[in-house]
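Notes follow once the structure below has been shown.
The values are calculated or read from the model by the stated rules, or taken from the named source; none is laboratory data. Quantities reported herein were computed from a predicted structural model and do not represent experimental measurements. Ideal geometry is used to build each Cβ from the backbone, glycine not excepted, and the neighbour counts take in all protein chains shown. In case anyone asks, the SASA skips ligands and DNA or RNA and just uses the protein heavy atoms, side chains included. Shrake-Rupley method; radii C 1.70, N 1.55, O 1.52, S 1.80 Å.
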Amino acid sequence: MDLGLRGRRAIVCAASKGLGRAAAFALAREGVDVVITARGETALAETAVQIAAATGAKVSIAAGDITTEAGRAAALSLCPDPDILITNAGGPPAGDFRNFSDADWQAALQANMLTPIALIRATIDGMIARRFGRIVNITSAAVKSPIPMLGLSNGARAGLTGFVAGLARQVARHNVTINNILPGPFLTDRLRDNAQEAARTAGRSAEEEIALRAKTNPAGRVGAPEEFGDACAFLCAAQSGFIVGQNLLLDGGAFNAAFG
């Protein structure tokens, strides 16, 4: 299926690896010129070379922390008028909420709520003027099914979700859509790191820990990042202009509900 995106421009945040990388790959395969961001310049440059070689797309890099004004300015200087914006940032640490300081909360809000809002504010008027825009926020399945030890993430990402629910309905008439993807367990470095920690406690290998988690999922496995990337690209398609303000849960059916 041709998604009608050839020649479009995109900013994809935190795209040197994991789900951001998968989203950038999927968009580039559709002929989108992408600016990818991440803190680590070496890994980011390697990813850019891989995407360009595999897809033939133009790939530019903006190394820096997207949660800072300087990091956002670097990305926007390379692509001041994106047609597509994929927001993404690493999740805050787990823990008992009693131990979180005000600084912990401020950092979580800055990364997972305020930074996406700042990027939307910087790009949405241009999208409205051009009558095309696709914004996808990568959040977490914990927005729908909160995880007790992820209080920082639960709170910050839920705040972004509420903001988007209102704004999406205001701009849809201009062919600008805003949606969120809520990933569950995908085979990324973050999943492997979490599995390593749990495995150490349980006396198992990380591979065994991932296999156990996969066994409990209705799909019988964890997700492949490529699946995530394709879903993200579809939400950005020219044909997806009637998908507005939705929270697409990609978790293999782990969240059990008749009505989401």
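Over the chain, with a Gaussian network built from C-alpha contacts below 10 Å, which listed residue (L182, L167, L114) shows the highest mean-square fluctuation?
Of the options given, L167 has the highest mean-square fluctuation.
By the scheme Lys and Arg +1, Asp and Glu -1, what is the net charge of all other residues having a beta-carbon under 11 Å from that of R21?
After counting each charged neighbour, the total is -2.
Only four residue types carry charge here, +1 at the Cβ of Lys and Arg and -1 at the Cβ of Asp and Glu. Report the dipole size of region 4-158 about the Cα centre in Debye, rounded to the nearest 20.
Computed about the Cα centre, the dipole is about 540 debye.
The list (1) 7, 28, 32, 22, 9, 2, 0; (2) 7, 31, 35, 20, 6, 1, 0; (3) 7, 30, 38, 20, 4, 0 gives values of P(r) over Cα pairs in 10 Å bins from 0, in percent, and only one came from this structure; which label was calculated from it?
Step by step, P(r) over Cα pairs in 10 Å bins from 0, in percent for this structure corresponds to label (3).
What percent do you get for the relative contact order of the chain when only Cα pairs under 8 Å and 6+ apart count?
Relative contact order comes out at 20 percent.
Show me 208-215, 44-51 ranked by packing, highest mean number of other Cβ atoms within 10 Å first.
So the peptides 208-215, 44-51, ranked by packing, come out 44-51, 208-215.
Which of the lysines could a cross-linker bridge to K144, judged by Cα under 22 Å and excluding same-chain residues fewer than eight apart?
K215
Can you give me the C-alpha center-to-center distance between region 15-59 and region 65-98, rounded to a whole angstrom?
Computed from Cα coordinates, the inter-centre distance equals 16 Å.
Find the centroid of the Cα atoms in region 201-239 and in region 122-173, then give the distance between the two in whole Å.
Comparing the Cα centres of region 201-239 and region 122-173, I get a distance of 22 Å.
Taking the Cβ of A172 as the centre, find all other residues whose Cβ is under 13 Å away and add up their charges (Lys, Arg: +1; Asp, Glu: -1).
After counting each charged neighbour, the total is +4.
Size of the dipole of the chain about the Cα centre, Lys and Arg at +1 and Asp and Glu at -1 on the beta carbon, nothing else charged, in debye to 20?
540
Taking only protein heavy atoms and a 1.4 Å probe, what accessible area per residue, in Å², does the chain have with all protein chains in place?
Per residue, the chain has 48 Å² of solvent-accessible surface.
Could you calculate the contour length gain from W105 to E207, that is, 0.36 nm times the residue separation minus the distance between their Cα atoms, to one decimal place in nm?
33.5 nm
Expressed as a whole percentage, what fraction of the accessible surface of the chain belongs to carbon and sulfur atoms when a 1.4 Å probe is rolled over the protein heavy atoms?
54
Put +1 on the Cβ of every Lys and Arg and -1 on every Asp and Glu Cβ in region 1-73; which of G7, T42, A23 then has its Cα farthest towards the positive end of the dipole?
G7
For region 1-95, which trypsin sites (Lys or Arg not before Pro) are both in a DSSP coil and crowded by at most 16 other Cβ atoms within 10 Å?
R6, R39, K58
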